[in-house]
């Protein structure tokens, strides 16, 4: 998809006919019945990284958006009108995201906005939304302190200070089974939304008296993990804390394996889930998560239906990992938030929607969101998951752990 | 820093350097002898890597067998590409734009077929590592290094000790006089382009074996390999190998001694230093 290519998702020929017929019926004073949509579509505009270095994750958000829109249209749409998703490819570039959000508002004249993928692109879109006073719900913003627009609503449920809460959760989880590390090696990509978490881990380790055996930063896109692995091996810490995004964790583990070294305990901030779980090297790997296709998170009928649809759609889209996890879950939650606000207020007015979300939060498959903290961030809903028997299980906090599972530490 | 850490880092750099040399070999040949700055070379490397992934992962073919099939196939692609360039008279500077466009097309094709998501080959040529004292050399990387050194030496020997190699160099100096002596300029150009693409295929097999693949990673190799090609001197197979080793070791030692984040600075610092101190080299 090239620059500016536009995909409208959600209005099929049958739905268009139904919408036209519904409009005629409405004009004749005859109401619609449940499950039917009528009238002009509600147009939700957004961009995703469908090409470029972030495209592998952008593809997940496209699949989820399409699922949600199809479900919603089949259930009667938004305010009785079908939803149409005006989706543009920002090519993973923040500057293009900014231009396209401007276009969505001024040229395409969309009714509502849905955020792009990834922190930098969301930040670009947020500036545009702020200029036009539009509400911006988004799914994957990683640095809460940078989001100071009062009508932005994040579905990535980090809480206001993830640089403190996320590393603390790892130390707490290990401490709960008597495996508090004495030393930590912190190795991080310079990708902004993981680098600041790793920097926070240094502080948390210091506060808890855990000695820092190694701290390293490397460029996003680094290919050669051999020398980094050699330094990790030499540090031989009790906990390897990796500011990982994508496949960094798997690449580092492979490089360590070539040096005949396996970390005792190892944590990855945002790893690509499939390869870590399927590789023997990923055994006992820990990672952050907001959502997994696991009890108790997937117990609701909505979550179960979503899981079924996502498995099928992800396989059809040729995604290697077909279980809904953090990316898919928060993406779905973002659409749920926007829809809940519209249905509750019966309005597409940006101020009314923002007021509703600020006051009531939103119920989603990820959990109950609140936006009453600094920069519209509410409680931290992140969890810790671990690879056990070649599959991810949630192990922390205890009340949300996969039934029968506890963290395994060394 | 311990001697083991330093030695292990140097070893890792040597392996990276061998791969840089192998990936740069085809590029340096087409740049020097065809006057084509072939950025599509990187697209072909990744196309070969994805095809290797496909045949090995889905069809259970051995990586070397996949490579044996891909090398002649890509030779044909290279010949076809050069035929089109000759047909449409693509010269040196326009070739940058044309081949960049081809790279984007190849990237889109890869994404369309294999998706934008990460893929990783779970196969090894030989699992494990060779122990050299306290150092470990992974077998896959040793084999890759062997192929890289052999390829560069073979091309050097071909250029220097065969009639075709000498004809190629004569053709570069003065194509009209060379043609008068019976040098088939056009056919040689097709062979060089085919060989360059075949080396891209060979490099792609090892990229698939050693690295995780995503379509957009095509561009992450571009800067460092072009730096290696320029450092090595255009059309110099042994130069490109030596430059690759120098850059690889410089990156690895920077990672081990200073900060991994500084490693990308190494190749370009070397390039600038050579440009300033030894400009006639490039």
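The values are calculated or read from the model by the stated rules, or taken from the named source; none is laboratory data. Just so we're clear, the structure is a prediction, and the values are computed from it rather than from any experiment. All Cβ positions, even for glycine, are placed from backbone atoms using ideal geometry, and neighbour counts span all protein chains on display.
Is segment A:331-353 home to any residue that is surrounded by 20 or more Cβ atoms within 10 Å (Cβ to Cβ), modelled with pLDDT under 95 and in contact with a helix residue (DSSP H, G or I) (Cβ under 8 Å, 6 or more places away or on another chain)? No, segment A:331-353 contains no residue that is surrounded by 20 or more Cβ atoms within 10 Å (Cβ to Cβ), modelled with pLDDT under 95 and in contact with a helix residue (DSSP H, G or I) (Cβ under 8 Å, 6 or more places away or on another chain). Once segment A:293-318 is narrowed to residues that are farther than 11 Å from residue A:365 by Cβ and part of a loop (DSSP other than H, G, I, E, B), the residue that is nearest to the other protein chains (Cβ to nearest Cβ) is A:318. Does segment B:104-114 contain at least one residue that is surrounded by fewer than 18 Cβ atoms within 10 Å (Cβ to Cβ), at pLDDT 95 or above and more than 14 Å from chain A (Cβ to nearest Cβ)? Checking segment B:104-114: not a single residue is surrounded by fewer than 18 Cβ atoms within 10 Å (Cβ to Cβ), at pLDDT 95 or above and more than 14 Å from chain A (Cβ to nearest Cβ). Restricted to segment B:101-212, the set of helices (runs of 4 or more DSSP H) holding at least 1 residues that are under 24 Å from residue B:225 (Cβ atoms) comprises B:139-161, B:163-173, B:185-210.
Taking the criterion of being within 11 Å of chain B (Cβ to nearest Cβ) and without any contact (Cβ under 8 Å) to a residue 60 or more places away in the chain, would at least one residue in segment A:195-205 satisfy it?
yes
Looking only at residues that are out of contact with any strand residue (DSSP E or B) (no Cβ under 8 Å at 6 or more places or on another chain) and not in a loop (DSSP other than H, G, I, E, B) in segment A:235-273, which one is farthest from the other protein chains (Cβ to nearest Cβ)? Ranking the qualifying residues of segment A:235-273, first place goes to A:256. Restricted to segment A:274-283, and to residues there that are out of contact with any helix residue (DSSP H, G or I) (no Cβ under 8 Å at 6 or more places or on another chain) and more than 10 Å from chain B (Cβ to nearest Cβ), the residue that is surrounded by the most Cβ atoms within 10 Å (Cβ to Cβ) is A:277.
Here are B:247, B:258: which of them is within 14 Å of chain A (Cβ to nearest Cβ) and touching a residue at least 40 places away in the same chain (Cβ under 8 Å)?
Numbers: B:258 fails: touching a residue at least 40 places away in the same chain (Cβ under 8 Å).
Every option except B:247 fails the conditions.
Of all residues in segment A:378-403, those that are free of Cβ contacts under 8 Å to residues at least 60 places away in the same chain have Cβ atoms under 9 Å from Cβ atoms of residues that are surrounded by 20 or more Cβ atoms within 10 Å (Cβ to Cβ) and outside any strand (DSSP E or B), 6 or more apart or on another chain, in A:401/A:407.
For segment B:115-152, the candidate set comprises residues that are loosely packed, with under 13 Cβ neighbours inside 10 Å and more than 13 Å from chain A (Cβ to nearest Cβ); within that set, the residue that is nearest to residue B:81 (Cα to Cα) is B:150.
Residues satisfying the criterion are absent from segment B:198-209 (criterion: under 20 Å from the mean Cα position of the chain (by Cα) and surrounded by fewer than 20 Cβ atoms within 10 Å (Cβ to Cβ)).
Among the residues of segment B:21-37, is there at least one that is without any contact (Cβ under 8 Å) to a residue 24 or more places away in the chain and at positive phi? Checked against the condition, which is being without any contact (Cβ under 8 Å) to a residue 24 or more places away in the chain and at positive phi, segment B:21-37 yields no hits at all. Could you tell me whether any residue of segment B:242-254 is at negative phi, touching a strand residue (DSSP E or B) at 6+ places or on another chain (Cβ under 9 Å) and either surrounded by fewer than 20 Cβ atoms within 10 Å (Cβ to Cβ) or modelled with pLDDT of 90 or more (or both)? No: zero hits.
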